[in-house]
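The values are calculated or read from the model by the stated rules, or taken from the named source; none is laboratory data. Predicted, not measured: the structure shown is a model, and the values here were computed from it. No Cβ is skipped: glycine too gets one built from the backbone with ideal geometry, and neighbour counts run over all protein chains shown.
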Amino acid sequence: MYTDVVIEPGGGLARAINAGLKGLPESICYVNWLGDDDRLAPGGIQRLEQALDDDRDVAVAFGGCTYIDETGSVLFTNPSGQWAVQLLSFGPQLISQPALLCRKSFFEEMGGLDESLQYAFDLDLLLRVKKLARIQHVRAVTASYRWHQNSLTVGSRRRSVIEASSVRRRHFSLAIRWAGFMWEPLVRNTIYLTGSLVTLLMARGIRNRKKKSI
């Protein structure tokens with residue numbers, strides 16, 4: 001097992017992740033990062049590694065992600081499949097970042113994460129990969145995400161949705177860019193309202209569960 005400590009350079013989360021991954025030895029083939037609310041599912045990394053080992057044309061492999069509450073109880077598993085790759089350009093991001101693995105050489109060739117972004121740098125990465133290589137779904141839950149009100153994406157949902165919309169627009173082809181400016185506000189508002197509704201339902205479910213346990 002390889003372990004190392006990299007001093008955070010400052011300047012945002014994307015820059016910190018880039019610094020950490022840049023320091024990895026050449027012997028490491030695949031990379032990802034985990035936040036303090038992320039967990040790997042048993043056997044998940046092995047399933048993703050196998051998908052990348054089996055096909056050199058695949059740059060990113062991803063599986064499902066289970067959402068858990070603060071006690072570790074399962075709330076739901078995100079709906080995902082190979083179709084989620086095409087949805088990246090026009091709708092919500094259903095490829096959960098903790099549940100994927102990226103080929104390190106490809107990550108480096110693309111210049112790593114866009115350090116100007118605060119929230120949607122994983123979406124930007126996937127959209128860049130999508131233009132150049134294959135993203136492959138693995139039929140397995142490969143990670144879990146601990147949901148709570150103070151998490152980065154939950155607590156900053158509106159800013160996250162706005163930035164994700166900007167990222168999608170920058171990746172539109174010239175042929176659809178004009179149409180994208182027409183439908184993107186609807187997509188952005190739908191994603192925000194749906195996410196807010198899911199957040200409300202999850203919070204209510206957690207409160208009800210706590211009441212029953214008392």
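Note on the stretch 1-107: enclosed strands (runs of 3 or more DSSP E) holding 3 or more residues that are modelled with pLDDT of 90 or more and β-branched (V, I, T) are 58-68. Of the residues making up the stretch 14-32, one or more are surrounded by fewer than 17 Cβ atoms within 10 Å (Cβ to Cβ), hydrophobic (A, V, I, L, M, F, W, C) and out of contact with any strand residue (DSSP E or B) (no Cβ under 9 Å at 6 or more places or on another chain). Scanning the stretch 11-35 for residues that are closer than 29 Å to G72 by Cβ, of a type outside the set (V, I, T) and in contact (Cβ under 8 Å) with a residue 12 or more places away in the chain gives L13, A14, G20, L21, Y30, N32, W33, L34, G35. In the stretch 161-181, the residues that are under 14 Å from S116 (Cα atoms) and buried (at least 17 other Cβ atoms within 10 Å of the Cβ) form Cβ pairs under 6 Å with partners that are among the acidic types (D, E) and at pLDDT 75 or above, at six or more places apart or across chains, as follows: V167/D124.
One residue stands out in the stretch 69-116 among those that are among the β-branched types (V, I, T) and surrounded by 18 or more Cβ atoms within 10 Å (Cβ to Cβ): the one that is farthest from the chain's Cα centre (by Cα), namely V85. Only residues that are closer than 23 Å to G112 by Cβ and within 15 Å of the chain's Cα centre (by Cα) were counted across the stretch 28-47, and they come to 9.
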